[in-house]
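The values are calculated or read from the model by the stated rules, or taken from the named source; none is laboratory data. Small disclaimer: the values here were computed from a predicted structure and weren't measured. Don't worry about glycine lacking a Cβ; one is built from the backbone with ideal geometry, like all the others, and counts go over all protein chains shown. To get the accessible areas, we keep the full protein, side chains included, count just its heavy atoms, and leave off ligands, DNA and RNA. Shrake-Rupley method; radii C 1.70, N 1.55, O 1.52, S 1.80 Å.
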Amino acid sequence: MTTDTVTGVGVLDKAMSIVDAVEFQPMTATDLAQLLKMNLSTTHRLATALTQHGLVSRSGDGRYGPGVRFDMSNIAWASRPLLTQLRDETSETAQLWVRRGDSRLCLESVDAAQELRVTLPAGWMLPLSDGGSAASVLLNESTRREDGMDLGWIEAVSQRTVGLSSVSAPVRVGDKVVAAVCLGVPLPRVQTSPGQQWGDRVVAIANELARRLSR
């Protein structure tokens with residue numbers, strides 16, 4: 001296999017040759033460079049960029065494989081009934097967010113039926129720098145107790161938008177966070193904190209989605 005030009009856009013063709021190469025067999029950057037007859041540093045740089053965009057993934061042993069971006073339709077399909085369950089159990093809006101470079105994309109949203117509610121439609125994009133519990137989860141942050149134990153959820157109160165709160169939990173497939181399940185709640189309906197009230201349920205839904213995606 002070589003990196004012969006297909007479209008005339010050299011960098012794009014080289015990047016897509018990496019995607020093609022790892023589609024059926026995981027490879028290290030060295031393997032890819034040898035197979036594609038590319039410089040190792042160039043191969044590593046392109047593979048790293050493709051990983052950040054979700055077009056390839058990188059395992060703990062350094063091998064690259066197909067990225068989560070190609071599973072988005074499966075993730076959305078699998079999440080819908082679980083988000084509906086979470087919405088029905090809490091009467092609040094349940095969403096699924098995925099990372100897109102330095103932004104986050106709302107992949108699915110099941111709105112609460114109440115007039116006062118948090119609502120952002122599927123397809124909505126927000127910068128990770130705007131904050132929010134889903135952004136923190138996708139940045140692989142965590143909330144820990146005094147004894148150091150990870151609570152499994154992250155909450156945000158009036159962080160991105162005054163008057164709104166949320167609690168999110170990571171969907172992990174292998175060692176990678178592929179999405180964040182988020183419950184959005186207007187502050188007038190928060191009695192203690194979003195994490196204390198609904199964190200365990202959000203974590204349970206996120207874990208169940210991860211289990212279904214790992215089958």
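Tabulated data
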read-out: Residue within the stretch 67-79 that is at pLDDT 85 or above and among the charged types (D, E, K, R) present; value: no
read-out: Failed criterion for ALA33 (all others in (1) in contact with a strand residue (DSSP E or B) (Cβ under 9 Å, 6 or more places away or on another chain); (2) more than 24 Å from TRP124 (Cβ to Cβ); (3) open to solvent by less than 60 Å² (accessible area, probe 1.4 Å) hold); value: (1)
read-out: Tally, over the stretch 131-160, of residues that are outside any loop (DSSP other than H, G, I, E, B) and either at pLDDT 95 or above or touching a Phe, Trp or Tyr at 6+ places or on another chain (Cβ under 6 Å) (or both); value: 10
read-out: Residue satisfying all of: in the stretch 35-58; in contact with a Gly (Cβ under 7 Å, 6 or more places away or on another chain) and assigned to a loop (DSSP other than H, G, I, E, B); modelled with the lowest pLDDT among these; value: GLY54
read-out: Filter pass, SER91 being in contact with a strand residue (DSSP E or B) (Cβ under 7 Å, 6 or more places away or on another chain) and of a type outside the set (Phe, Trp, Tyr); value: no
read-out: Residues within the stretch 161-200 that are charged (D, E, K, R), farther than 21 Å from LEU120 by Cα and not in a loop (DSSP other than H, G, I, E, B), tallied; value: 3
read-out: Only listed residue being over 30 Å from ARG63 (Cβ atoms) and either open to solvent by 20 Å² or more (accessible area, probe 1.4 Å) or of a type in the set (A, V, I, L, M) (or both), chosen from VAL181, VAL157, VAL177; value: VAL157
